[in-house]
Amino acid sequence: VDGSPGPSRRTETAPRRRIAHLPPFLDTAPFSAPRPPVRAGVPRLLCVAMMRLGDKLRSYGRLAQALALVPDSFELWVVGGGEARSHVEKALAPLGAAVRYWGQVSEDQLPESYAATDIYVWPAAGEAYGMALLEAQASGLPVVAGAVRGVPEIVVHGETGLLAPEDDAAAFAGAVRRLLQDADLRRRLGAGAARYAQTRHGLKAAAARLDALL
């Protein structure tokens, strides 16, 4: 009621409409080659990300902080380039010789990076989803990521990877250690990741979802 003379007036509320939602998807075919058996030697961690100021650099910093707490042997493969490379190198410097930089690679070369490594790691500061997380899973890599924004919608904790609370270096390090020390868990989560990416986020799944929405 607005207090004016005459019949009262009410504001009608329009019925709520459900917003159609199409989950992120990708062509999984380039990433779906059978993975080699568990490699001998030092496990390889991988992150694929542009080197930019802001959220990307913040993620690199969080990754360095977490991995500094991991006493196990590992190599960290870093794929990506950008104007903040010097800042990224400074952030990762405490990890010393464990870090290998591959620079920015073409889309055709990316599947080789995923296939040559064992665990995908990314804190995902400020990430809406993170398409590299989907690519890694499509490649059969178990993921360790931050439970940030939309990341839990594409990484299933305990099924395709392990999620750590946002900006919790100790929890992230613990998840990495768990996978480093348990090859069977890596295999199980990796197989689940490949299956999940194909059935839930592949082109066929996206087409079916879009057809239903239309």
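Free of Cβ contacts under 8 Å to residues at least 40 places away in the same chain, of a type in the set (A, V, I, L, M) and in contact with a strand residue (DSSP E or B) (Cβ under 8 Å, 6 or more places away or on another chain) - does that describe any residue in the range 61-75? Within the range 61-75, none of the residues are free of Cβ contacts under 8 Å to residues at least 40 places away in the same chain, of a type in the set (A, V, I, L, M) and in contact with a strand residue (DSSP E or B) (Cβ under 8 Å, 6 or more places away or on another chain).
Among the residues of the range 162-170, at least one is closer than 20 Å to Asp55 by Cβ, in contact with a His (Cβ under 8 Å, 6 or more places away or on another chain) and in a strand (DSSP E or B). Determine whether Val105 is closer than 28 Å to Leu189 by Cβ, β-branched (Val, Ile, Thr), touching a helix residue (DSSP H, G or I) at 6+ places or on another chain (Cβ under 9 Å) and modelled with pLDDT under 95. Taking the combined requirement at face value, the residue satisfies it.
When restricted to residues that are touching a residue at least 40 places away in the same chain (Cβ under 8 Å), in contact with a strand residue (DSSP E or B) (Cβ under 7 Å, 6 or more places away or on another chain) and under 25 Å from Ala115 (Cβ atoms), the range 165-188 contains 4. Checked against (1) under 13 Å from Arg44 (Cβ atoms); (2) crowded, with 23+ Cβ neighbours inside 10 Å, Val143 meets all criteria but (1).
Give the residue that is surrounded by the fewest Cβ atoms within 10 Å (Cβ to Cβ), with candidates limited to residues of the range 84-130 that are among the acidic types (Asp, Glu) and closer than 19 Å to Gln65 by Cβ.
Here the residue is Glu89.
Contact map, the range 110-133: first residue farther than 14 Å from Val79 by Cβ, second residue among the hydroxyl-bearing types (Ser, Thr, Tyr), Cβ cut-off under 6 Å, separation 6 or more or different chains; pairs are Pro123/Ser59; Ala125/Ser59.
Residue check: is Leu162 at pLDDT 95 or above and either crowded, with 22+ Cβ neighbours inside 10 Å or more than 17 Å from the chain's Cα centre (by Cα) (or both)? Even if it seems obvious, please write down each step before you answer.
Numbers: at pLDDT 95 or above: yes; either crowded, with 22+ Cβ neighbours inside 10 Å or more than 17 Å from the chain's Cα centre (by Cα) (or both): yes.
Taking the combined requirement at face value, the residue satisfies it.
No other residue among Arg62, Arg52 is closer than 21 Å to Glu135 by Cβ, at pLDDT 95 or above and open to solvent by 70 Å² or more (accessible area, probe 1.4 Å) apart from Arg52.
The values are calculated or read from the model by the stated rules, or taken from the named source; none is laboratory data. What you are looking at is a predicted structure, and each value in this text was computed from that prediction instead of being measured. FYI the Cβ positions are ideal-geometry reconstructions off the backbone, even for glycines, and counts take in every protein chain you see. Keep in mind that these areas ignore ligands, DNA and RNA; they rest on the heavy atoms of the full protein, side chains included. Shrake-Rupley method; radii C 1.70, N 1.55, O 1.52, S 1.80 Å.
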